[in-house]
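What follows is a single structure, written as structure tokens, with notes after it.
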Amino acid sequence: MKELPKIYDPKAVESKIYDFWLKGKYFHAERDPEKKPFTIVIPPPNVTGQLHLGHAFDETIQDVLTRYKRMQGYAALWLPGYDHAGIATQIKVEEKLRNEGLTRFDLGREKFLDEVWAWKNKYGNRIVEQLKTLGSSCDWDRQRFTMDEGCSKAVREVFCSLYEKGLIYKGKRIINWCPKCTTALSDAEVEYEEKPGHFWHIRYPLTDGSGYVTVATTRPETMLGDTAVAVNPNDDRYTDIVGKTCILPLVNKEIPIIADEYVDMEFGTGCVKMTPCHDPNDFEVGLRHDLEQVLILDGEAKIINGGKYNGMDRYEARKAIVHDLEEQGYLVKIEEHVHNVGTCYRCHSDVEPLASDQWFVKMGPLAKEAIRVVEDGTIKFVPDRFSKTYLNWMNNVRDWCISRQLWWGHQIPAWYCADCGHVTVSREDAEKCEKCGSTNIQRDPDVLDTWFSSALWPFSTMGWPEKTEDLEYFYPTDVLVTGYDIIFFWVARMIFSGMEHMKKEPFHTVLIHGLIRDPQGKKMSKSAGNGVDPIEMIDRFGADALRFNIITGNSPGNDMRFYVERCEAMRNFANKIWNATRFVMMNLTIDKNELPDTLELEDRWILSKLNTLAKEVCENIDKFELGVAASKIYDFIWDSYCDWYIELAKPRLNSGDPEANLRAQKVLLYVLTEILKLLHPFMPYITEEIFQALPHDGEALIIEKYPEFREDLSFPKEETGFEKIMAAVRAVRARRADMNVPPSKKPHLIIVSDSADVFSAGKVYLSKLAYAGEVTITSEPPADTNGMVTVVTDDAKMYMPLSELVDLDKERERMRKELSKAEDELARIEAKLSNEKFVSRAPENIVAAEREKADKARALIANITESLASLG
RNA sequence: GGACGGUUAGCUCAGCUGGUAGAGCUUCCGCUUGACGUGCGGAAGGUCGGGGAUUCGAGUUCCUCACCGUCCACCA
């Protein structure tokens, strides 16, 4: 048998094993009518991005599920792919250009796009490779990109079909504008941050000189775009000035005073300046009152239409305007004011609300089905609470602004006719106006929101709009795994897109996980410099250790803190398995994995426990409790298999009895192999490596059958029987440790018990594990217990002659302590049992269990009392 | 303003359908026990945030309060 190194070295194994899987095409999912499909589409990472812990988290969960289902015999497809990430990628390339002293406008659209594609080709493979090092079993043959030909076709089809249905329209609305990215954003792309600011109270004189109105604002520069002042129609204070006009200071423009229900009489002065182009509410009021619209900011948030302030940056203008207002006596007061400022989710610049002509998706009709499928349980969120988050958003969803003033992305398929003004929206590139036939047409320069294409991901990746066999077989997908931070961006939009275009939900389960945070609980970010590089973790501890760390440290939907020490602990776990294997292999003479005909007590014990484990693991994975499943495997391997079963096997292996030796080998190998199967989805590399080194039938662990509960390997009686021996061993060990008896000292062990048969069967193990010399099982305590240490469990009294070590006083004290502990326990149980109501109302089995506990406590007390008496 | 999550051993977290608590790391004691010191054996450590209710019985259900956190909405 080949010799394994003493310490497991993931580096020597992982890439080799990954290549082995690739060569075997195990990741490739074939449509197979004999099998049930199981499908996951990857949340496409940014094509030029780098793997961070968030990805590692997300991908590990998906890989565990995929490998599990694959081993269960499903045609398991994990479909990989990447997102073009419009803004993020364009920003990066523009940054690179800026370092060369260029802007995208210097290059022009076409050349700039060449640059981005070059960038994509340069960095696009990095994240693919990183995903592979993690062990991801994606079907790389089906790799997709949101801007590849097929996905682009899907985008085009969806845009046109929604346009034809009247669900996409172009219109002038207040949108969120990022002056740094110089594009419109959707509502979802705005992040609100609480920032300290001011409330400036400004006086607008009435034109007739009869007084003035005072308005308050947090953005004084917007006054340049004021076209009215509004009051509430029911506000008695202002009834006489409604219909009058006032003079807009600094601008010296006459603007009307209007009445509108929108104004809250209780708030501030009850007078509100109306800036229709820079506030959504004012925009609505403006439409109702036919107010003039004055746009005062350009794309970079510099002042336009603002007289002497033109060309100033918005913050510069704010300062200047406040200064001028104060100087000219219009500034009444300044209050400190903390308010929420919208910022761009990409660059975190303050977003400006401004009126702009943009394309929108009409959400009302689409939301209806999207709400229904979650309400009626067609789509389930795990944990369930996120369905509430989702529904709340979907119920209040506003139209989705989908046009972006970028170049990198899917260009909007709309052509404007210079002659008749008609807009031609078309699946094929238009040559002429569909209405007047003019060739004097120009394509809309804008591109679509990145999320517009990711919304189609579950079906665009399978060939839609063509009717493909893949779609037929693999759609709808099964589980969508993602973080709660992109429920609105992505999950919501996939759901309504799936319902609208496929008439079928895109997945039945949405498994939501939390964020990985740093040890202080802070969000990891590049700017904070507190990020941990998963690749470095893989390098230091192995991918299996990283994966196991992530999976076990977490429960569904909750954030987790990342500790490098935990990776270390999991590496140790991998090493533990490695060495258990080393032990098994160095004792192996068989070349076939099969259970022996006869099973000893301890064999039945471990097999029965293994059987229960398989059941529990499957149950927990099925309900997406991956962390629970993984820890159960961990405990079984470390405690049951390594610390107990291997130790138990040693006497048989060394017994000199070839039959006994053989049986032990067989069970050792069998259980180890089952462990590898159970663990494989979580720790794929080391398990496959070991599987290959052990005698095995199948060609690869990755396609072995996942263990499940087997009635014929369930031995509950032997399990409890063996626990008695374990309890005895533990008790002896504890006592010896307490007395500082070294393992080399092996006294005679006399066991007095009613369960003599069990102890007799375990005699050899007692001597080995409890460091005993001779072991005697008897029904009568020794006549002379003088100088003997007594150890007591529920089922046994044990005596060890260790006279030279026995301090009688200490012994007595200890026994009294144990006695009083046992008596307290019994008192508690008896109190419970003497409670009429408990006995009458508690379920029978619970009462019986309590009675049994009481019996045990009584036995223990009797044992201790007896032993105490024998001490004299 | 609304919704949600958290509050359990020194630290980080488990604890599913109610029957007086577990793990990892840390700490302490001991061990060349021929797989593993990335190890073995043992020990210490918790009035499960406060208060109330339901129940024979509540980290576990309900109400309430406090603190921490997240999301959504947003009155200029």
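The values are calculated or read from the model by the stated rules, or taken from the named source; none is laboratory data. Note that the structure is predicted; figures quoted are calculated from it, not measured. Backbone-built Cβ (ideal geometry, glycine too); neighbour counts: all protein chains shown. With ligands, DNA and RNA removed, areas are computed over all heavy atoms of the protein, side chains included. Shrake-Rupley method; radii C 1.70, N 1.55, O 1.52, S 1.80 Å.
Give me the Å³ per residue figure for the convex hull around the C-alpha atoms of the range A:350-498.
Details: hull volume 23.6 nm³, N = 149.
Roughly 158 Å³ of hull volume per residue.
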* Summing Lys, Arg as +1 and Asp, Glu as -1, what charge do residues with Cβ under 11 Å from the Cβ of A:Glu689 carry, A:Glu689 excluded? -> -3
* Mind checking the dipole of the range A:193-279: about its Cα centre, +1 per Lys or Arg Cβ, -1 per Asp or Glu Cβ, Debye to the nearest 20? -> 360 debye
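If the viscosity is 0.890 mPa s and the temperature 25 °C, what translational diffusion coefficient in µm²/s does Stokes-Einstein give for the range A:192-248 when Rh comes from Kirkwood over Cα pairs? Could you put the intermediate results ahead of the total?
On the way: Rh = 12.9 Å.
Stokes-Einstein gives a translational diffusion coefficient of 190 µm²/s.
Looking at the range A:1-107, which GluC sites (Glu not before Pro) are DSSP coil and have at most 11 other C-beta atoms within 10 Å of their C-beta?
A:Glu3, A:Glu30, A:Glu34, A:Glu100
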* To do: Stick to Cα atoms and the Kirkwood definition of Rh, then tell me Rg/Rh for the range A:612-709.
  => 1.01
* Structure fact -> In order over the range A:829-837: 3J(HN,Hα) from phi, Karplus 6.51/-1.76/1.60, θ = phi - 60°, whole Hz, x for each Gly or Pro, gives 5, 5, 4, 5, 6, 7, 7, 2, 5
* For the range A:550-652, take the alpha-carbon Rg, divide it by the Kirkwood Rh, and send me Rg/Rh. => 1.03
* Please state the relative contact order of chain A as a whole percent: Cα pairs under 8 Å, 6+ residues apart? -> 12 percent
* Quick one: what are the phi-derived ³J(HN,Hα) couplings along the range A:4-12, Karplus 6.51/-1.76/1.60 with θ = phi - 60°, whole Hz, x for glycine and proline? => 8, x, 5, 10, 5, 10, x, 4, 6
* Rounded to 10°, Cα long-axis angle of helix A:716-738 versus longest principal axis of chain A -> 80 degrees
* HN-Hα J couplings of the range A:357-366 from phi, Karplus 6.51/-1.76/1.60, θ = phi - 60°, integer Hz, Gly and Pro as x? -> 7, 9, 8, 10, 9, 6, 8, x, x, 6
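Mind jotting down a quarter of the surface of the convex hull over the alpha carbons of the range A:363-441, in square nanometres, one decimal? Don't skip to the answer; put the middle values down first.
On the way: hull surface 32.1 nm².
With every direction weighted equally, the projected area is 8.0 nm².
Normalised by the number of residues in the range A:697-805, what is the relative contact order in percent for Cα pairs under 8 Å and 6+ residues apart?
Numbers: 127 pairs, mean separation 30.6, N = 109.
With pairs under 8 Å counted, the relative contact order is 28 percent.
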* Between A:Leu480 and residues 5 or more places away or on another chain, which pairs have amide H atoms under 5 Å apart, with H built 1.01 Å from N, and which residues are they? -> A:Thr509, A:Val510, A:Leu511
* For A:Leu77, which sequence-distant residues (separation of 5 or more, or a different chain) have an amide H within less than 5 Å of its own amide H, given hydrogens modelled in the peptide plane? -> A:Phe38, A:Thr39, A:Ile40
* Mean-position separation - Cα centroids, the range A:339-406 and the range A:837-856, in angstrom -> 55 Å
* To do: Taking each pair of different alpha-carbon atoms in the range A:500-559 once, compute 1/r for the pair, average those values, and report the inverse of that mean as the Kirkwood hydrodynamic radius in Å to one decimal.
  => 14.1 Å
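Ratio of Rg to Rh for the range A:1-45, alpha carbon only, Kirkwood? Intermediate values should be presented prior to the final figure.
Working: Rg = 16.6 Å, Rh = 14.2 Å.
Rg/Rh: 1.17.
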* When every alpha-carbon pair in the range A:757-872 is counted, what percent end up more than 17 Å apart? -> 63 percent
* How large are Rg and Dmax for the range A:34-106 when only the alpha carbon atoms are used, in Å? -> 18.3, 60
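Would you work out the charge dipole size for chain A about its Cα centre, treating the Cβ of every Lys and Arg as +1 and the Cβ of every Asp and Glu as -1, and quote it to the nearest 20 debye?
On the way: 111 positive and 139 negative charges, 243 e Å.
With Lys and Arg at +1 and Asp and Glu at -1, about 1160 debye.
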* Asked: the range A:227-274 to the range A:1-51: how many Å between their Cα centroids?
  -> 67 Å
* **Antiparallel content of DSSP bridges confined to chain A, in %, to 5** => 70 percent
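Tell me which GluC sites (Glu not before Pro) from the range A:285-319 have a DSSP coil assignment and no more than 16 other beta carbons within 10 Å of their own.
Listed in order of number, the matching sites are A:Glu292, A:Glu300.
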* Helical contribution to [θ] at 222 nm, DSSP H n ≥ 4, -39,500 (n - 2.57), averaged over chain A, rounded to 500 -> -13500 deg cm²/dmol
* Provide the per residue accessible area, probe 1.4 Å, for chain A, rounded to a whole number of square angstrom. => 44 Å²
* Structure fact -> A 1.4 Å probe over the protein heavy atoms gives chain A a carbon and sulfur accessible-area percentage of 48 percent
* When the Cα centres of the range A:694-731 and the range A:558-619 are compared, how far apart do they sit, in Å? -> 9 Å
* Rg and Dmax of chain A over Cα atoms: what are they, in angstrom? -> 36.9, 120
* Can you give the percent of C-alpha pairs in the range A:206-342 whose distance is more than 20 Å? -> 46 percent
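Go through A:842-853, A:583-594, A:451-462, A:78-89 and give me the packing order, highest mean Cβ count within 10 Å leading. Intermediate values should be presented prior to the final figure.
Values: A:842-853: 12.6, A:583-594: 14.4, A:451-462: 26.2, A:78-89: 24.1.
Per-residue mean Cβ counts within 10 Å order the peptides as A:451-462, A:78-89, A:583-594, A:842-853.
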* Rg/Rg_globular for the range A:784-849, with Rg_globular taken as 2.2 N^0.38 Å and Rg from C-alpha atoms -> 1.64
* Those chymotrypsin sites (Phe, Trp or Tyr not before Pro) in the range A:223-277 that DSSP places in a loop and that have at most 11 other beta carbons within 10 Å -> A:Phe267
* Asked: For the range A:132-253, what are the per-bin percents of Cα-Cα distances with bins 5 Å wide, up to the bin holding the maximum?
  -> 2, 7, 9, 11, 11, 10, 9, 9, 8, 6, 5, 4, 3, 3, 2, 0
* Just for the Cα atoms in the range A:334-404, what are the lengths along the principal axes, largest first, rounded to whole Å? -> 51, 31, 23
* Tell me, what is the FRET efficiency for A:Ala756 and A:Lys837 to the nearest 0.05, using R0 = 35 angstrom and their Cβ-Cβ distance as r? -> 0.30
* **Over the range A:613-758, relative contact order from alpha-carbon pairs under 8 Å, at least 6 apart, %** => 18 percent
